[in-house]
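The values are calculated or read from the model by the stated rules, or taken from the named source; none is laboratory data. On a predicted model such as this, the values are computed, not experimentally measured, just so you know. In this analysis, Cβ positions are derived from the backbone assuming ideal geometry, glycine residues included, and neighbour counts consider all displayed protein chains.
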Amino acid sequence: MPILEIKNAELSIDNKKILKGLSLNVNEGETHAIMGPNGSGKSTLSYMLAGRDGYELDNGNITFDNIDLTPLSPDERSNLGLFLAFQYPVELPGVSSTNFLREIFNSRKKYLGENELSHLDFIKHLRKVAENLSIKDEMLKRYVNFGFSGGEKKRFEILQMALLNPKISVLDETDSGLDVDALKIVSEGVNNLKDKKNAVIVITHYQRLLDYIKPDIVHIMSDGKIIKSGDADLALYVEKNGYSEILNEKS
């Protein structure tokens, strides 16, 4: 059953068309990888899905869990169950990591009509989830991403993902700046959260992330649209041969 349907999406920034008729369907239980050369529109796609200001569609439509995503704010999209892990997570000096996590957790609980957790109950739940991701209490006592290493920032995002339990997670080059150990921990966190009712979109340049998060479908983007799709072997082909032959097929 489809969670996400994008049909003929067109999007411009500063009067320059970035997405040029992009279409994509993602079903429950699937992991999709999106690859492509720099400037192909991969990050623009993620910002469009998250509802970032300035990334509104010119044409086309997006349906998420049978709901039109287009008029919804980023907060509403998040509460519906859409999660974006940023390539460069933002630092929030002065904002307690634990308080931040409790706010986003209870915000979604309230949206879903479920009981919010008290501070004490949330701390117990948070510590259990964090332990499963090899995150120490010390990180939870710091400000959001402030002074975090690249790996710590990505782990903190996966912790948010684990707490929110989204229906679809979009990972925008989440492997950027990670060493092998951090990559394994982050990937294990993503894999542990996958089930038959949710889905993952992995945006990446490199095969190495896909060695840990196995895609069901791989898409190649170029010039604002998907030009080729295939199974996991397509990513291996790109790793070995680059994009040139695929791009030439479409020229």
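Within segment 107-118, the presence of a residue that is in contact with a strand residue (DSSP E or B) (Cβ under 8 Å, 6 or more places away or on another chain), of a type in the set (Phe, Trp, Tyr) and either in a loop (DSSP other than H, G, I, E, B) or at pLDDT below 95 (or both) is excluded.
Applying the criterion of being in contact with a His (Cβ under 9 Å, 6 or more places away or on another chain) and in contact (Cβ under 8 Å) with a residue 40 or more places away in the chain to the residues of segment 205-231, the residue that is nearest to residue 41 (Cα to Cα) is 226. Each residue in segment 134-161 was checked for being of a type outside the set (Gly, Ala, Ser), surrounded by fewer than 18 Cβ atoms within 10 Å (Cβ to Cβ) and in contact with a Gly (Cβ under 9 Å, 6 or more places away or on another chain), and 2 of them qualify.
For segment 16-26, state whether one or more residues are touching a helix residue (DSSP H, G or I) at 6+ places or on another chain (Cβ under 8 Å) and at positive phi. No - not one qualifying residue is present in segment 16-26.
For a quick check of your reading of the model, give me the residue pairs whose first member lies in segment 232-251 and is among the charged types (D, E, K, R), whose second is assigned to a helix (DSSP H, G or I), with beta-carbon atoms closer than 6 Å and at least 6 apart or on different chains. Close Cβ pairs satisfying both conditions: 239/207. For residue 55, the test of being of a type in the set (Phe, Trp, Tyr) and over 15 Å from residue 168 (Cα atoms) is passed.
Within segment 113-126, residues that are surrounded by 15 or more Cβ atoms within 10 Å (Cβ to Cβ) sit with their Cβ atoms under 6 Å from residues that are of a type outside the set (Ser, Thr, Tyr), at 6+ positions apart or across chains, in these pairs: 122/102. The number of residues in segment 151-170 being modelled with pLDDT of 90 or more and in contact with an Asp or Glu (Cβ under 8 Å, 6 or more places away or on another chain) comes to 1.
Take residue 62 and decide whether it is within 24 Å of residue 41 (Cα to Cα), surrounded by 16 or more Cβ atoms within 10 Å (Cβ to Cβ) and among the β-branched types (Val, Ile, Thr). The answer is yes for residue 62.
Assessment of segment 15-22 against the conditions (assigned to a loop (DSSP other than H, G, I, E, B), farther than 17 Å from residue 161 by Cβ, free of Cβ contacts under 8 Å to residues at least 40 places away in the same chain and of a type in the set (Lys, Arg)) yields no matching residue. When 97, 78 are checked against the criterion of being more than 20 Å from residue 6 (Cα to Cα) and surrounded by 20 or more Cβ atoms within 10 Å (Cβ to Cβ), a single residue qualifies: 97. Tell me yes or no: at least one residue of segment 34-55 is more than 21 Å from residue 86 (Cα to Cα) and either surrounded by fewer than 16 Cβ atoms within 10 Å (Cβ to Cβ) or modelled with pLDDT of 95 or more (or both). No, there is no match, as no residue in segment 34-55 is more than 21 Å from residue 86 (Cα to Cα) and either surrounded by fewer than 16 Cβ atoms within 10 Å (Cβ to Cβ) or modelled with pLDDT of 95 or more (or both).
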